Amino acid sequence: MITYFSSDFHFGHSNIIQYANRPFKTIQEMNEKLIFNINQRVKENDMLIHVGDFAFKRGPKEAPESVNNVFEYFRNQINCKNLVLLLGNHDGKRNKIKTPIESMIIEIGGKRMFVTHDPKWAKPDYEFNLCGHTHNKYGKFRRLGNKSFIVDVGVDSWSYQPITINEIFSAYQQWRKGGYKECWIS
């Protein structure tokens, strides 16, 4: 089982295309490409930790009229059975994301990390804070105090697809050495 991270899918949110400067012409194109990218990388028994803002409002305009739960509509198209959702600022009553998880502490590869949607909730006592919310406004990595870093795991930062912790660590090492170039996941 491989663990993947992502954030800010914003399924069903037409304004996100312009706001985040996403390269899609329509919301349907965006939704389909995100689902395709997820299913290409994340296999059925892998784990996908989504760090907030899974979907927006009740449902996409192209969804059948019977769809009144945007989470169920898109969840049913994702092949991964181990989907962990953290609460984002667009999640809740409007899109029926029912998750009590606002943050979590995980340990992978000997590194303890704090995971939360908004970087303003990041904790400087963890070396890595995996966050979303900013739509690549500040880049993939930024410092938080002297010994901590915020990693933007949002789709806008990583070629509109989920990433593994090894991909994060590899890009982080390049960034730390000053040789970091924009890296696209293949």
Could you go through region 98-105 in sequence order and give the Karplus-derived ³J(HN,Hα) for each residue, using 6.51 cos²θ - 1.76 cosθ + 1.60 with θ = phi - 60°, rounded to whole Hz, and x for Gly and Pro?
-> 10, 10, x, 8, 9, 7, 8, 10
Assertion target for M104, M30, M113, M1, ordered by fewest C-beta neighbours within 10 angstrom first, is M1, M104, M113, M30
Tally Lys and Arg at +1 and Asp and Glu at -1 over the other residues with C-beta under 11 Å from the C-beta of S148: what net charge comes out?
-> +2
Residues whose placed amide H lies under 5 Å from that of M47, excluding near-sequence neighbours = I2, T3, Y4
With each label point set 7 Å from Cα along the Cα-Cβ vector, what nm distance links T99 and R143?
-> 3.1 nm
Might you report the magnitude of the Cβ-based charge dipole of region 3-176 about its Cα centre, with Lys and Arg at +1 and Asp and Glu at -1, to the nearest 20 debye?
-> 300 debye
Which of K98/K137; K120/K177; K111/K137; K147/K177; K123/K147; K123/K177 exceed 18 Å between C-alpha atoms? The answer is K98/K137; K120/K177; K111/K137; K123/K177
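Where a number appears in this text, it was derived from the coordinates with a stated rule and is not lab data. Model, not experiment: these values are computed from the prediction. All Cβ positions, even for glycine, are placed from backbone atoms using ideal geometry, and neighbour counts span all protein chains on display.
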